[in-house]
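See below for the structure under consideration.
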Amino acid sequence: MILEKLVLENFRQFYGKQEIIFSQHEERNVTIIHAENGFGKTTLLNAFLWVLHGKRYLTNDFEKKDHLINEKCVRESNNPENTYAEVELTFLHGKLKIVAKKRITLGQQNSKSDSNLEVTIKNELGKIYRPINDREYIRSIIPPGIANFLFFNGENIDRYAMEESADDVSSAIRKMMGLELIQRTIDDLEDREVRGTFVKELRDNASKEKTELINERENELQNRKKIQEDINNAQAEIKSADEEIRSIDSKLEANQEVASLQKRRAELEAQAEEQGKKIQEYNAEIKKLINEDGYAIVGKSLIDPSNSMMDQWRKDGQIPAQVLDTFLKDLLKAEKCICQRDLKIGSTFRASVESLLQIAGDQNFNTAVGALDRSIGHINGIADKASEKLKQIRINQATSKNIFDRVKEDIAEISKNLGNKDDNTVRELEDRRNYLNSSRDNILIKIGQFKERIPVIESRIKELQSRIESLADDEETTRIAQKQLNLIDGCIDTFKKILAAETAELIPALTTEINKHLSQTVNQRGYTAQIDNNFSIKVINEQGGIVARNQALRQTLSLCFIGSLIDLSKRRADLPTIVNGLTGTVYPIVMDSPFGAMDLGLQNDIAKIIPELANQVVAMISSSQYFGGVENTLKQTKKIGRRYYLRYHNTSLPDKKYNKTMTIDGKEYQLFQLDKFEHTQILEII
């Protein structure tokens, strides 16, 4: 997919018809759009998402999603059906030129009806035609699940480097790598029209006992599916809350009065995250230690009486025995002493040796006691080491817990200070933030409860399946239905294993790609990225420890992750995995505020890799993020192909924090203009 042109007509603040033509140059693959915050960057980003997938996929920071038509057009409208907003996106897909056009009329907007999507295709011979289903055709090129990986706000992209986003990471790998076909196959097989048909047939022909078991198993399968849906919905709520919290944090940072407090809170929250992860690691270490060596710690108190007994036997000379009974018996049997005297029956010498049998030690007893003594010594050694290690882990755990609690108290104090500010806007933002955090914590508890139920249900499903299979079927029809259902279930299980294995096989290649990008940024500190078996992205330092990820580092990781996915997607056919014959797909990246919360040094590093993230990059950047190091770095890359800027028109002067002009290559450009009504203009820098 190569972007060619975006045309907006009366879409939000973009009055009239305006367009952006994107750079398609192989070497100069970057299109820059300069815009101050609030001038229309978020609207441009959402124009892509709306035309491709509709209102449902608009970003959370895009307010008033039901009001897409320019306000001036709405005020002056005489006919709701002739008043509309329209977005037209032209792009190349292989040898095809595709135009996706979406229009919403004022009548549709007022009734909250669906907008209309129209797709036209032009092949290499110049023939123009329409797909059978416009919506599904666009979805086949850009599945909804990957749109937010390609068109995103850089300030919110850090979520992919959060542990709770592991499911998103796994889903992104499957969708970008062409594995959704396997998932759709699984879904189709599990559908009531396929698997459900065989279940019904078996149910209709089975015995009463077997039918009851089948019904119970199907209920448990539905319970498992429902729980997974609940987990997915809860994770979507967390994602939404996280995005809104980040939006609130950005607004607080932009407020000069509370910016320092918000910055300090961000630092403290990074510390809290670091200590929280350490506490989790210590808990895992304790669990592992108890699983492996807990028996020794517990057993030490139980074997202490044995130690006392053996100490007494040593004092009494019973262990180790000076003479063993087996040795004396061997002498008597041979009738020859070690001094070569005869031990004939009835001789005084034999009587002397026989008398020693009464005080000689039992060999079996001595052997057993020796083995027990060595075992006790070994267990005591393990117990001592384990106890010492457990003690140290608990000390470390307590230290982290104290730091965590102290940091949480400081965070709570900052929140209290913000909530008591005279500024109503600050108070409202802080109240909303506290509410979101509280809701988020409750949702996480629910997710934990949901996940605890899944193994119980799966165990019950296996038990029921075993009982069902153990019941003999009298009728041939029943036996055939059972075999058919077993075959379907076997296919589903096999496809799930293939999907899991295929996804896991891509992790090493993805990790390598992420570190290739990361090596140009934070890797100078000796950091490397790892994706674990649970699809959580971690950062490891040179000592092998997990690095706490602040927002800037999470943004960097997420950008590297997305760029790596796009690169692997392009090279998909060359990757040696289980599923063969998948073709590569080229995707662009469109990002608003790519530098987010990064410091100047990290901004420069990211500026180096931005052109490498995809074959085509569109970056919308404010003056505060662009001018200085980023500007110089991007110039040095010689990757900028086209440039635009947004000029904001309004009836009054903007706030002092907004730049009214900008200077590029010695030429000044006007970013603000007094006008009769509020709107934004797209202008090209040539």
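The values are calculated or read from the model by the stated rules, or taken from the named source; none is laboratory data. The structure presented is a predicted model; accordingly, all values stated were derived computationally and were not measured. Cβ sites come from the backbone with ideal geometry, for glycine too, and all protein chains shown count toward neighbours.
May I ask you to verify whether Tyr137 is surrounded by 16 or more Cβ atoms within 10 Å (Cβ to Cβ), among the aromatic types (Phe, Trp, Tyr) and either assigned by TED's automatic domain parsing to the domain that holds His679 or on the phi > 0 side of the Ramachandran plot (or both)?
On the way: surrounded by 16 or more Cβ atoms within 10 Å (Cβ to Cβ): yes; among the aromatic types (Phe, Trp, Tyr): yes; either assigned by TED's automatic domain parsing to the domain that holds His679 or on the phi > 0 side of the Ramachandran plot (or both): yes.
Considered against the rule, which asks whether it is surrounded by 16 or more Cβ atoms within 10 Å (Cβ to Cβ), among the aromatic types (Phe, Trp, Tyr) and either assigned by TED's automatic domain parsing to the domain that holds His679 or on the phi > 0 side of the Ramachandran plot (or both), Tyr137 comes out as yes.
To keep it simple, each residue is scored yes or no on (1) touching a residue at least 60 places away in the same chain (Cβ under 8 Å); (2) in contact with a Phe, Trp or Tyr (Cβ under 7 Å, 6 or more places away or on another chain); (3) assigned to a loop (DSSP other than H, G, I, E, B); (4) buried (at least 19 other Cβ atoms within 10 Å of the Cβ).
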site	(1), (2), (3), (4)
Val590	yes, yes, no, yes
Ser624	no, no, no, no
Gln636	no, no, no, no
Leu646	yes, yes, no, yes
Ser652	no, no, yes, no
Glu668	no, no, no, no
Gln673	no, no, no, no
Lys676	no, no, yes, no
- line: Counted residues in the range 240-258 being crowded, with 19+ Cβ neighbours inside 10 Å and in a loop (DSSP other than H, G, I, E, B) come to 1
- request: Report, ordered by the first and then the second residue, all pairs with beta carbons closer than 9 Å, sequence separation of six or more or different chains, a first member in the range 163-186 that is over 12 Å from Thr503 (Cβ atoms), and a second member that is β-branched (Val, Ile, Thr) and at pLDDT below 75.
  value: Leu181/Val579
query: From the list Lys451, Lys483, which residue is at pLDDT 85 or above and either closer than 30 Å to Asn233 by Cα or not β-branched (Val, Ile, Thr) (or both)?
result: Lys451
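So in the range 399-411, with the set limited to residues that are of a type in the set (D, E, K, R) and touching a residue at least 24 places away in the same chain (Cβ under 8 Å), which one is farthest from Lys278 (Cα to Cα)? Reasoning before the result, please.
At the first step, the residues of the range 399-411 found to be of a type in the set (D, E, K, R) are 401, 405-406, 408-410.
In the following step, the residues that additionally are touching a residue at least 24 places away in the same chain (Cβ under 8 Å) were identified as 401, 408, 410.
Numbers: Lys401: 9, Lys408: 15, Asp410: 19 Å.
Once the filter is applied, the top-ranked residue is Asp410.
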message: For the range 564-619: of the residues being within 15 Å of Gly154 (Cβ to Cβ) and of a type in the set (Gly, Ala, Ser), which is modelled with the lowest pLDDT?
response: Ala597
query: In the range 49-66, how many are touching a helix residue (DSSP H, G or I) at 6+ places or on another chain (Cβ under 7 Å) and modelled with pLDDT of 90 or more?
result: 3
query: Given (1) under 21 Å from Ser247 (Cβ atoms); (2) at pLDDT below 90; (3) assigned to a helix (DSSP H, G or I), where does Tyr435 come up short, assuming only one miss?
result: (2)
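Can we say Ile447 is in a helix (DSSP H, G or I), within 30 Å of Glu292 (Cα to Cα), under 27 Å from the mean Cα position of the chain (by Cα) and of a type in the set (A, V, I, L, M)?
Details: in a helix (DSSP H, G or I): yes; within 30 Å of Glu292 (Cα to Cα): yes; under 27 Å from the mean Cα position of the chain (by Cα): yes; of a type in the set (A, V, I, L, M): yes.
Answer is yes for this residue.
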- request: Return yes or no: is Asp422 outside any helix (DSSP H, G or I) and either out of contact with any His (no Cβ under 6 Å at 6 or more places or on another chain) or touching a residue at least 12 places away in the same chain (Cβ under 8 Å) (or both)?
  value: yes
message: Ile2 - would you say it is farther than 29 Å from Thr661 by Cα, β-branched (Val, Ile, Thr) and at pLDDT below 95?
response: yes
Count of the range 197-215 residues which are buried (at least 16 other Cβ atoms within 10 Å of the Cβ) and within 41 Å of the chain's Cα centre (by Cα): 7
query: Across the range 522-535, which residue is surrounded by the most Cβ atoms within 10 Å (Cβ to Cβ) among those that are at pLDDT below 75 and in a loop (DSSP other than H, G, I, E, B)?
result: Phe535
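Hey, does the range 76-86 have a residue that's in contact with a Phe, Trp or Tyr (Cβ under 8 Å, 6 or more places away or on another chain), within 30 Å of Ser240 (Cβ to Cβ) and of a type in the set (Phe, Trp, Tyr)?
Let us first name the residues in the range 76-86 that are in contact with a Phe, Trp or Tyr (Cβ under 8 Å, 6 or more places away or on another chain), namely 85-86.
Narrowing the set further to residues that are within 30 Å of Ser240 (Cβ to Cβ) leaves 85-86.
Narrowing further to those that are of a type in the set (Phe, Trp, Tyr): none.
No: the range 76-86 contains no residue that is in contact with a Phe, Trp or Tyr (Cβ under 8 Å, 6 or more places away or on another chain), within 30 Å of Ser240 (Cβ to Cβ) and of a type in the set (Phe, Trp, Tyr).
To keep it simple, each residue is scored yes or no on (1) closer than 22 Å to Gln18 by Cβ; (2) of a type outside the set (Phe, Trp, Tyr); (3) in contact (Cβ under 8 Å) with a residue 12 or more places away in the chain; (4) buried (at least 16 other Cβ atoms within 10 Å of the Cβ).
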site	(1), (2), (3), (4)
Ile69	yes, yes, yes, yes
Val74	yes, yes, yes, yes
Ala85	yes, yes, yes, yes
Leu89	yes, yes, yes, yes
Ile104	yes, yes, yes, yes
Asn110	no, yes, yes, no
Leu125	no, yes, no, no
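The rows are residues; the columns are (1) among the β-branched types (Val, Ile, Thr); (2) surrounded by fewer than 16 Cβ atoms within 10 Å (Cβ to Cβ); (3) part of a loop (DSSP other than H, G, I, E, B).
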{"site": "Asn10", "(1), (2), (3)": "no, no, no"}
{"site": "Tyr15", "(1), (2), (3)": "no, no, no"}
{"site": "Gln18", "(1), (2), (3)": "no, no, no"}
{"site": "Thr31", "(1), (2), (3)": "yes, no, no"}
{"site": "Thr42", "(1), (2), (3)": "yes, no, no"}
{"site": "Asn46", "(1), (2), (3)": "no, no, no"}
{"site": "Trp50", "(1), (2), (3)": "no, no, no"}
{"site": "Arg56", "(1), (2), (3)": "no, yes, no"}
{"site": "Asn60", "(1), (2), (3)": "no, no, yes"}
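So, of the residues in the range 102-132 that are under 33 Å from the mean Cα position of the chain (by Cα) and not in a loop (DSSP other than H, G, I, E, B), which turns out to be farthest from Ala47 (Cα to Cα)? Working first, answer last.
Let us first name the residues in the range 102-132 that are under 33 Å from the mean Cα position of the chain (by Cα), namely 102, 114-115, 117.
If we keep only those that are not in a loop (DSSP other than H, G, I, E, B) too, we end up with 102, 117.
Working: Lys102: 10, Leu117: 13 Å.
Step by step, filter the range 102-132, then rank; the result is Leu117.
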query: Only one residue in Arg135, Arg159 is in a helix (DSSP H, G or I) and either modelled with pLDDT of 80 or more or farther than 26 Å from Ile537 by Cα (or both). Which one?
result: Arg135
statement: Residue set Leu332, Leu343, Leu302, Leu289; condition at pLDDT below 60 and either of a type outside the set (S, T, N, Q) or in contact with a Phe, Trp or Tyr (Cβ under 7 Å, 6 or more places away or on another chain) (or both); output residue Leu302
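Listed here are the residues, each with its yes/no results for (1) surrounded by 12 or more Cβ atoms within 10 Å (Cβ to Cβ); (2) under 28 Å from the mean Cα position of the chain (by Cα); (3) in contact (Cβ under 8 Å) with a residue 12 or more places away in the chain.
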site	(1), (2), (3)
Ala383	yes, no, yes
Glu388	no, no, no
Gln397	yes, yes, yes
Glu413	yes, no, no
Leu418	yes, no, yes
Arg432	yes, yes, yes
Ser439	yes, yes, yes
